[in-house]
Amino acid sequence: MNKKLLIIIIGAITALGAIGGVAVPKMLSGKHKAPVKVAKKYTAVPLDEFLVNLADGGDPHYLKAVVVMEVGEDPKLDDKIKEATPKIRDAMIVTMTKRTFHELLTTGGKQDLREALKADGNRALGPGMVNEVYFTSFAMQ
């Protein structure tokens, strides 16, 4: 009986191999390919350091931060960024000075500030132009 069981197992393995040999190449053929995402290229635009008073009553608190905007690679955008930098920085200063020390102590507070600064950049450059905003330095006192 062991020989019969061995023959059945070998037959089953051979059948699975044959099925796999036919099915796998069909699945890997170009007919069933998933859509390929093309990565969009971005450029980092560092802004000069910000030093602002925070909106705390009583004891004064300060925020010192360096912000980098991530924008799409577009040669036409370079000139637009140079022209809009004062407007972007002004809007970001106003946004930062509306925050309190305790808000910015939390990760959520920093993330909310990032989103607000991204919106400032997009208002100045155009919708969707600023992909992300990063802090490369962030200190409060």
With respect to Ile81, is the statement that it is open to solvent by less than 30 Å² (accessible area, probe 1.4 Å) and either modelled with pLDDT of 95 or more or among the polar types (S, T, N, Q) (or both) true?
no
Identify the residue in region 77-87 that is touching a residue at least 24 places away in the same chain (Cβ under 8 Å) and out of contact with any strand residue (DSSP E or B) (no Cβ under 8 Å at 6 or more places or on another chain) and, among all such residues, is farthest from Ala55 (Cα to Cα).
Lys80
Checked against (1) within 15 Å of Val130 (Cα to Cα); (2) at pLDDT below 90, Leu47 satisfies every condition except (2)
For region 97-117, enumerate the residues that are buried (at least 17 other Cβ atoms within 10 Å of the Cβ) and touching a strand residue (DSSP E or B) at 6+ places or on another chain (Cβ under 8 Å).
Arg99, Phe101, Leu104, Leu117
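The values are calculated or read from the model by the stated rules, or taken from the named source; none is laboratory data. What you are looking at is a predicted structure, and each value in this text was computed from that prediction instead of being measured. Counting neighbours? That spans all protein chains shown, and the Cβs are built from the backbone with ideal geometry, glycine included. Heads up: the accessible areas ignore ligands, DNA and RNA and are worked out on the full protein's heavy atoms, side chains in. Shrake-Rupley method; radii C 1.70, N 1.55, O 1.52, S 1.80 Å.
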